[in-house]
1. Identify, please: which residue in the range 87-102 is open to solvent by 60 Å² or more (accessible area, probe 1.4 Å) and more than 35 Å from the chain's Cα centre (by Cα) and is, among those, nearest to residue 76 (Cα to Cα)?
2. Mind checking which residues of the range 32-46 are farther than 19 Å from residue 149 by Cβ and basic (Lys, Arg)?
3. Could you please give the count of residues in the range 25-49 that are surrounded by fewer than 16 Cβ atoms within 10 Å (Cβ to Cβ) and within 10 Å of ligand 1 (Cβ to nearest atom)?
4. For the range 423-450: of the residues being among the charged types (D, E, K, R) and touching a Ser or Thr at 6+ places or on another chain (Cβ under 9 Å), which is nearest to residue 512 (Cα to Cα)?
5. Among the strands (runs of 3 or more DSSP E) lying completely within the range 1-106, list those that include at least 1 residues that are among the aromatic types (Phe, Trp, Tyr) and either away from ligand 2 (no atom under 16 Å from the Cβ) or not assigned by TED's automatic domain parsing to the domain that holds residue 124 (or both).
6. For the range 204-217, name all the residues that are modelled with pLDDT of 95 or more and open to solvent by less than 30 Å² (accessible area, probe 1.4 Å).
7. Which numbered condition in (1) open to solvent by less than 40 Å² (accessible area, probe 1.4 Å); (2) more than 16 Å from ligand 1 (Cβ to nearest atom); (3) basic (Lys, Arg); (4) under 30 Å from residue 374 (Cβ atoms) is the only one that residue 143 fails?
8. Working only within the range 417-435, note down all residues that are small (Gly, Ala, Ser) and within 16 Å of residue 469 (Cα to Cα).
Amino acid sequence: MNDARVITDVPADAREVLKRVFGHDDFRHAQREIVADVLAGRDTFVLLPTGSGKSLCYQLPALLTPGLTVVVSPLIALMKNQVDALHAAGVAATFLNSSLDAAQASRRLEGLRQGRFQLLYVAPERLLLDGFLRELQSWNVSRFAIDEAHCISEWGHDFRPEYRRLAEVRERFPGIPVVALTATANAHVREDILSGLRMRDPRVHVASFNRPNLTYRVRGKERALGEIVSFVKSRPGESGIVYVQSRAGTERVAEALRAAGIAALPYHAGLEPQTRAKHQEAFVRDDVAVICATIAFGMGIDKSNVRFVIHYDVPKSLEGYYQETGRAGRDGLPAECVLFFSHGDIVKLESFLGEAATEAEAARGRAQLAEVKRYAYADGCRRAALLAYFGETFEAVPCGACDNCLEPRAERDATVPAQKLLSCLVRIREASGFDMGVTHAIDVLLGTENDKIWRMGHDRLSTFGIGTELDRRAWRHVAEELVRLGLIERDPARFNVASLTPAGRRTLAQRTPVVIREASPVAARAKAKRGTRGTAAAPVLAGDDESALFERLRRLRRELADERDVPAYVIFSDAVLREMARVVPRTLGQLRGISGVGDKKLAEFGERFLEVTGG
Ligand code: ADP
Ligand code: ZN
């Protein structure tokens, strides 16, 4: 790992080759250390954002090391470009993939046998052919470079099963070092790469994922099409991508833009290959300003002057969102990223997850959607929210380039409600001896009459019913803000039960003024929607069959999960809900009899589920 390392510098001839072959006067910061590690024969993991110069990290060492560097890449379309560029720089490089005819391939193989090349780009399917691996063993391979290494992980946005088999390559070439490179990685992906490629005592290079020239915004989706048209019209001559989930959607958006006099074309897998290539070409050459594309578009597009990336539909993961927005502003100039968000999109994507092959896959999908929601609802800096996904703490807030930092929402004094909520949490703890969720505290403040409150005697708390001046949604927002301000903390390991932080206790004791921000429009709308759904789930059950009941239970589960910002399965698994729908428990005792309902969940959720089953 990076700590306690001896800082190695690159040998002098590396600088010479950098200048002579690649034409660069100096290394970019990370490159120097990476090249030094690679040249030292270490397994090396390189995680740098797009455009930071990863290729050089294996290309340059390839020129300074005797033997062949084998570059594994899934992007067949890009191989030719890269090899052409290397040829232009005078480097002996070649590629093998399915785009070559037999005669071309055999000429290249002959050259490889004679050791005429320093770099070979190869698609993983090709590499893994048994005969090919055997032949490779006689070619004096000095290093493997695994490009787009995130393809090995199901957590990445572009999983390729063939990448899993690269472990076999390691076994065949035990002494040969590996460089793995990617611009994508949260912690899961990172682990998958390190373990999947059997990296030994690797050097790990991780750079910041912050893209300072990108501005991030989230808008409600109600008038998305009109907003997109006026956005594009206000930027004449600027180039941009509008990502749309469906093929028909790309056509519709392109049509709307053309109707407004903007040169726009659709791009999706349903188009004839020639049409698709023509549209892509027109965009790359700036013949059309805007391309309306499904997410298939962009991988392997090297267009540096993309000035905006708009998401008409909600992306499936923040990882994907980061990659797609990453195509904007590669020239380092300011560019805009706008996400049109609707809670309905999330619900739709969640329902698609029901079709996932395995529960693990569905769980992964839900976890990824929860991250997208977290980003869209963020009250604070978007950049900080996005980078948090990559495990990065972004502290330079306000960042000056996101909607929440540029147009901070109105602030207002909330000292009185804050005092009420904080003291309510304290009273609950005093009365019951343990912390409970924010929802329960709000029930107490609103003077809600329900079983849980009576059972626990919380209708006798001094804070019972003292908060009727705000509605439930307003209280939720106050609670979120107190979390953001560090006055309350929630414990995700225990159903998000809430407690006061030391700062919260001080604020309560000293009556410190508390200023909160208004809810963001996106979050306010979504919360309002959730609210109505909640009341619709009121128990009117006579005659309902099992599957209808199951649906209601699922809805309640989603609501509880949303309130706590956890994946639904954290509340109860599908199996538990199915059993509930079958047994239809009417009492806590009956509910307790269902496998998967432990005491803690019984106390936390029992009453709510009984409301649905009619207990
Ligand atoms: P990545 O693979 O990380 O997306 P590339 O390898 O395609 O990035 O490099 C991005 C751009 O940066 C290329 O145009 C490349 O020529 C340029 N570049 C790479 N290294 C340097 C350097 N040391 N100095 C200046 N430009 C560089
Ligand atoms: Zn910001």
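The values are calculated or read from the model by the stated rules, or taken from the named source; none is laboratory data. For clarity, every value in this text was computed on a predicted model and none was experimentally measured. Cβ atoms come from the backbone with ideal geometry, glycine included; neighbour counts cover every protein chain shown. Only protein heavy atoms, including side chains, enter the accessible area calculation; ligands, DNA and RNA are left aside. Shrake-Rupley method; radii C 1.70, N 1.55, O 1.52, S 1.80 Å.
1. Initially, the range 87-102 is screened for residues open to solvent by 60 Å² or more (accessible area, probe 1.4 Å), giving 87-88, 90, 98-99, 101-102.
Then drop every residue that is not more than 35 Å from the chain's Cα centre (by Cα), which leaves 87-88, 90, 101-102.
Numbers: 87: 17, 88: 19, 90: 22, 101: 14, 102: 17 Å.
Looking at the filtered set, the residue picked out is 101.
2. Within the range 32-46, the subset farther than 19 Å from residue 149 by Cβ is 32, 36, 39-40.
If the condition is that a residue be farther than 19 Å from residue 149 by Cβ and basic (Lys, Arg), then 32 is the only one that fits.
3. Taking the range 25-49 as the starting set, the residues that turn out to be surrounded by fewer than 16 Cβ atoms within 10 Å (Cβ to Cβ) are 25-26, 28-29, 40-41.
Now narrow it down to the ones that are within 10 Å of ligand 1 (Cβ to nearest atom): 25-26, 28-29.
Residues that pass the stated criteria total 4.
4. First, the residues of the range 423-450 that are among the charged types (D, E, K, R): 427, 429-430, 435, 443, 449.
So of that shortlist, the ones also touching a Ser or Thr at 6+ places or on another chain (Cβ under 9 Å) come out as 427, 429, 435.
Details: 427: 19, 429: 22, 435: 23 Å.
Applying the filter and picking the extreme gives 427.
5. Details: elements: 44-47, 68-72, 93-96.
Qualifying strands (runs of 3 or more DSSP E): 44-47, 93-96.
6. Residues of the range 204-217 that are modelled with pLDDT of 95 or more, as a first pass: 214-217.
The answer is 214, 215, 216.
7. Just one mismatch for residue 143, condition (4).
8. So the first thing to find is which residues in the range 417-435 are small (Gly, Ala, Ser), and the list is 418, 423, 431-433.
Matches in the range 417-435: 418 only.
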